[in-house]
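The values are calculated or read from the model by the stated rules, or taken from the named source; none is laboratory data. The structure displayed is predicted, hence computed values, not measured ones. As a convention, Cβ positions derive from the backbone with ideal geometry for all residues, glycine included, and neighbour counts pool all protein chains shown. SASA here: full protein model, heavy atoms, side chains in, ligands and nucleic acids out. Shrake-Rupley method; radii C 1.70, N 1.55, O 1.52, S 1.80 Å.
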Amino acid sequence: MLIDSHCHLNYKGLIEDQENVLERARAAGIDLMLNIATRESEWDAVLDTAIRAPDVWATVGIHPHEADEHPHVDTAKLVERAAHPRVVGIGETGLDYYYDHSDRDRQQKSFRAHIAASRETGLPLIVHTRDAEEDTLAIMRDEMGKGAYPGVIHCFTASGTFADAAMELGFYISISGIVTFKSAKDLQETAARLPLDRLLVETDSPFLAPVPHRGRPCEPAFVADTARFLATLRGESIEQLAAATSANFRTLFKKVA
């Protein structure tokens, strides 16, 4: 059994057929799915899916793209919403300097508010970083100095050096379908050497469908394809990788029953 540690079940491409998407995931051997929030307006819908489906869990957070539109979402608001028994993580949050859809200072302030919420609740932080390795790591280190907090670098595409630094801070690394792309040689090299006890797998669906599903909306069932590719890349059996990544997820997301 596998766990999709990061998906967006309420996004266009999945929401229209959500019940069948969930059924296909179960048929593919996906044990649990973590439904990720990216803006306040979707928090209720993301949570409702987790309430309705016992194998789906939820997070609360503001994506860095949305930081400009959510100056009012502070640590207190995140902590309040994270008290629900089906909310098991904080995020996704982080920094995205590739698109710069939000002001960088605003992204950083939001990131720090999420980290404080993670520290206060003990719930893992789900970090998005793109073209922002230096600032992401600097903030993570600075905040870790104020008190430890757990977390994961989701949809990992950063450098191997960044992966090592994040793991030194106690973070997990989550691998998406990007690892199956022919162009992802650097990522494949990093993924091949990551410690098995720090590894998670995800889809980030409906985005980034792995080979052989390129060109289609991604869905949680496809995490099985990513896991099989990753197991072969690492010289492990799919059973070994599935057991380890599922155990890692439950170790990190301790609130999951």
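Just a few scattered comments:
- Pairs meeting the criteria (first residue in the range 67-84 and touching a residue at least 12 places away in the same chain (Cβ under 8 Å) and of a type outside the set (Val, Ile, Thr), second residue open to solvent by less than 20 Å² (accessible area, probe 1.4 Å) and assigned to a loop (DSSP other than H, G, I, E, B), beta carbons under 7 Å, at least 6 apart or on different chains) are Ala67/Ser102; Asp68/Ser102; His70/Ile62; Ala82/Leu123.
- Some residue of the range 237-255 being in contact (Cβ under 8 Å) with a residue 24 or more places away in the chain, outside any helix (DSSP H, G or I), open to solvent by less than 60 Å² (accessible area, probe 1.4 Å) and touching a helix residue (DSSP H, G or I) at 6+ places or on another chain (Cβ under 9 Å): no
- Which listed residue is at pLDDT 95 or above, assigned to a helix (DSSP H, G or I) and either open to solvent by less than 20 Å² (accessible area, probe 1.4 Å) or of a type in the set (Phe, Trp, Tyr) (or both), from Ile62, Ile126, Ile51, Ile115: Ile115
Yes/no per residue for (1) farther than 21 Å from Leu252 by Cα; (2) open to solvent by 40 Å² or more (accessible area, probe 1.4 Å); (3) charged (D, E, K, R); (4) part of a helix (DSSP H, G or I):
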{"residue": "Val79", "(1), (2), (3), (4)": "no, no, no, yes"}
{"residue": "His84", "(1), (2), (3), (4)": "no, yes, no, no"}
{"residue": "Glu92", "(1), (2), (3), (4)": "no, no, yes, no"}
{"residue": "Leu95", "(1), (2), (3), (4)": "yes, no, no, no"}
{"residue": "Tyr98", "(1), (2), (3), (4)": "yes, yes, no, no"}
{"residue": "His101", "(1), (2), (3), (4)": "yes, yes, no, no"}
{"residue": "Asp105", "(1), (2), (3), (4)": "yes, yes, yes, yes"}
{"residue": "Ser110", "(1), (2), (3), (4)": "yes, no, no, yes"}
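- Residue list for the range 61-86, filter: within 26 Å of Met1 (Cβ to Cβ) and in contact with a Phe, Trp or Tyr (Cβ under 8 Å, 6 or more places away or on another chain): Arg86
- Residue match in the range 176-184 (condition: touching a helix residue (DSSP H, G or I) at 6+ places or on another chain (Cβ under 9 Å), open to solvent by less than 40 Å² (accessible area, probe 1.4 Å) and closer than 14 Å to Val127 by Cβ): yes
- Pair list, Cβ under 8 Å, 6 or more apart: the range 143-172 residue in contact (Cβ under 8 Å) with a residue 40 or more places away in the chain and open to solvent by 10 Å² or more (accessible area, probe 1.4 Å), other residue of a type in the set (Gly, Ala, Ser) and in a helix (DSSP H, G or I): Pro150/Ser118
- In the set His72, His6, only one residue is assigned to a strand (DSSP E or B) and at pLDDT 95 or above; that residue is His6.
- Hits in the range 207-220 (condition: surrounded by 23 or more Cβ atoms within 10 Å (Cβ to Cβ) and either out of contact with any helix residue (DSSP H, G or I) (no Cβ under 8 Å at 6 or more places or on another chain) or in a helix (DSSP H, G or I) (or both)): Pro220
- Of all residues in the range 129-138, those satisfying the criterion of being open to solvent by 60 Å² or more (accessible area, probe 1.4 Å) and more than 23 Å from Leu252 (Cα to Cα) are Asp131, Glu134.
- Residues located in the range 185-201, provided they are hydrophobic (A, V, I, L, M, F, W, C) and either open to solvent by less than 10 Å² (accessible area, probe 1.4 Å) or more than 21 Å from Cys7 (Cβ to Cβ) (or both): Ala191, Ala192, Leu194, Leu196, Leu199, Leu200, Val201
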